[in-house]
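Report on one structure; see the data block that follows.
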């Protein structure tokens, strides 16, 4: 940001300011000076480094405000010259339509008639030259002057060149052409905002105006546009077209809609003064209703505790007032300050932001240095402990943790994109090959597995990977972003031959299922209800017939599945892979789990294996649920042993072996005592599932 010492001094009382004073004040305020340069007339130009959250300092007045606060001087607001009002009303000469108030919160248009375009007066030329700008003509120079003075970009149209004497804020038509002020013809996309007339685009909103409606020596009626735009929309268009303008630079750092009107009035008054024009009565305004100013409460006691030094309430209020932040006492004893945040400071949102302002203006060097620092060491919060526990557990089970890139190819994103969502892309020349944000952790895990396969760094069938990362998408047909933090797991399927058998694929899924169960036990406890339900796969990257939804205590947690052949081909993998992805927030929501401790049994148990022949459609959860309905007090536990399919079982059927464990807490059981409970269980399963007992 180029700043003129003489220009900034105009807003100070007294208005004497040396380059050394300006440099020290800005440096102490957290605005480093990169270079200083003497310019004509005894002025000095400073190159000020401004962080992206301080758009209010991208102006001479904004920097003067910082200097005034640091040096304890009064701030003088710029005064507008008196103007001659034209008898015509602006609405009779021009119409305004804002079709996109969501990305153009405020658009104002004024008309100045009787304009004589010519050279600028000396004071205007000198001011612009002091900040490195060349003079063009009096009309354009005023728009640049207001931009550098107040940080509010402006644009002037020749009214006679606007078709239908109309301004329309709209999205560009796909492949619509626009010749900008630099003389280049640009082809626009449908996600770029334009300022148009009744027929065609006349400017790329927030970036650069169009050449077809620019002010020339023959212009006598000027339309003055002063508006604000969505920062992301401006940034996207500016980068796509390689246009870095003073206007786009400021809009990308937020120009608040509530600051537009004051800047517009000043621009119109200055333009009329230097061109001899008359300002038409009224103003055209289109956009959304202006919001009330934000209020943030500041506790002086909290401010003192954070700074570690005593600061009186009156001094806090004085410092904030110097930054044009109204601070008034609140509470019975005035123990709080209610601070009204000015429109030009969107970065001030919380109490800690105001504490930082007090420290910054008062001076960090005013905070005493102590020989010792008191440190209170606290245990990590539960969420961090849970993540550490999950990572430690998975590493113990042979998994390697990965950290992969957040971007992926469009093809990879589509492969794992859930139904009803669309990919989020970065429109940037540097990300041509991988422009999509990953919709699943699996895109990175699969790429990592492919890299290991290409490097032959591990034997096929032995690789286990996991990652905790964010995933991104947006709802179809809208720009509503969906972001989650997930735990992704990937495991090779161990196989003996060149291709995996059905049994080997099932073994792989069961091994991964055991990993999921272990993770859930560690984070939610042994009492958590974890269920796996076979359903249709949500994306093309997962095998339709080998996919199960995972629910925890009745809420969807994630899924476990076999990677589809299409996904393997996409990443150039030959070994079959099983994968799982779990929602981290839901997984660790109950951490730490509540432990239940019981005494060791005093008497031995008796186990009995029973093989049930059931239909292929019978899931383990149904079989387990049927056993659980039997009211047998001595049945301590039952679990899955294995599944067998073969000709002797029958087509469309399978044999599921269940291990039943019985125990009596007061004596040793005899084998014949559990025959009756086993028969009861077998009868229940037969009746409910149509099962047969395999001999």
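When the test is whether a residue is farther than 22 Å from residue 57 by Cα, at pLDDT below 90, under 33 Å from the mean Cα position of the chain (by Cα) and part of a loop (DSSP other than H, G, I, E, B), residue 378 passes it.
Checking the conditions here, which among 314, 363, 396 is surrounded by fewer than 13 Cβ atoms within 10 Å (Cβ to Cβ) and within 30 Å of residue 446 (Cα to Cα)?
Answer to the selection: 396.
Tell me which residues, restricted to the range 625-656, are without any contact (Cβ under 8 Å) to a residue 40 or more places away in the chain, in contact with a strand residue (DSSP E or B) (Cβ under 7 Å, 6 or more places away or on another chain), more than 16 Å from residue 506 (Cβ to Cβ) and outside any loop (DSSP other than H, G, I, E, B). Result: 636, 637, 638, 639.
State the number of residues belonging to the range 198-212 that are surrounded by fewer than 24 Cβ atoms within 10 Å (Cβ to Cβ) and in contact with a strand residue (DSSP E or B) (Cβ under 6 Å, 6 or more places away or on another chain). Full working, then the answer.
Residues of the range 198-212 that are surrounded by fewer than 24 Cβ atoms within 10 Å (Cβ to Cβ), as a first pass: 198-200, 208, 210-212.
Imposing the further condition that a residue be in contact with a strand residue (DSSP E or B) (Cβ under 6 Å, 6 or more places away or on another chain) reduces the set to 198, 208, 210-211.
Number satisfying all stated conditions: 4.
Scanning the range 48-85 for residues that are out of contact with any helix residue (DSSP H, G or I) (no Cβ under 9 Å at 6 or more places or on another chain) and outside any loop (DSSP other than H, G, I, E, B) yields a count of 1. When the range 257-283 is filtered for residues that are in a loop (DSSP other than H, G, I, E, B) and out of contact with any strand residue (DSSP E or B) (no Cβ under 7 Å at 6 or more places or on another chain), only 276 remains. Filter the range 657-692 down to residues that are in a strand (DSSP E or B) and either at pLDDT below 95 or farther than 26 Å from residue 604 by Cβ (or both), then give me how many there are. Total satisfying the criteria: 1.
Let's see how each residue does on (1) within 33 Å of the chain's Cα centre (by Cα); (2) under 16 Å from residue 264 (Cβ atoms):
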position: 124; (1), (2): no, no
position: 132; (1), (2): no, no
position: 151; (1), (2): yes, yes
position: 154; (1), (2): yes, yes
position: 163; (1), (2): no, no
position: 176; (1), (2): yes, no
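Against the test of being in contact (Cβ under 8 Å) with a residue 60 or more places away in the chain, in the same structural domain as residue 304 (by TED's automatic domain parsing) and within 35 Å of the chain's Cα centre (by Cα), the options 348, 354, 337, 323 yield a single qualifying residue, 323. Residue by residue through the range 224-261, note down the ones that are without any contact (Cβ under 8 Å) to a residue 24 or more places away in the chain and either under 22 Å from residue 141 (Cβ atoms) or crowded, with 24+ Cβ neighbours inside 10 Å (or both). Result: 244, single match. Only one entry of 514, 507, 536, 549 meets the criterion of being surrounded by fewer than 20 Cβ atoms within 10 Å (Cβ to Cβ), in a strand (DSSP E or B) and either assigned by TED's automatic domain parsing to the domain that holds residue 439 or at positive phi (or both), and that entry is 549.
From the list 585, 607, 581, exactly one residue is surrounded by fewer than 19 Cβ atoms within 10 Å (Cβ to Cβ) and within 26 Å of the chain's Cα centre (by Cα). Which is it?
Values: 607 fails: within 26 Å of the chain's Cα centre (by Cα); 581 fails: surrounded by fewer than 19 Cβ atoms within 10 Å (Cβ to Cβ).
None of the others qualify; the one that does is 585.
Condition check ((1) under 16 Å from residue 224 (Cα atoms); (2) assigned to a strand (DSSP E or B); (3) in the same structural domain as residue 217 (by TED's automatic domain parsing)) across all residues:
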{"residue": "118", "(1), (2), (3)": "no, no, yes"}
{"residue": "126", "(1), (2), (3)": "no, no, yes"}
{"residue": "133", "(1), (2), (3)": "no, no, yes"}
{"residue": "136", "(1), (2), (3)": "no, no, yes"}
{"residue": "145", "(1), (2), (3)": "yes, no, yes"}
{"residue": "156", "(1), (2), (3)": "yes, yes, yes"}
{"residue": "168", "(1), (2), (3)": "yes, yes, yes"}
{"residue": "178", "(1), (2), (3)": "no, yes, yes"}
{"residue": "195", "(1), (2), (3)": "yes, yes, yes"}
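The values are calculated or read from the model by the stated rules, or taken from the named source; none is laboratory data. Bear in mind the structure is a predicted one, so any value in this text is a computation, not a measurement. Cβ: placed from backbone, ideal geometry, glycine included. Neighbour counts: every protein chain shown.
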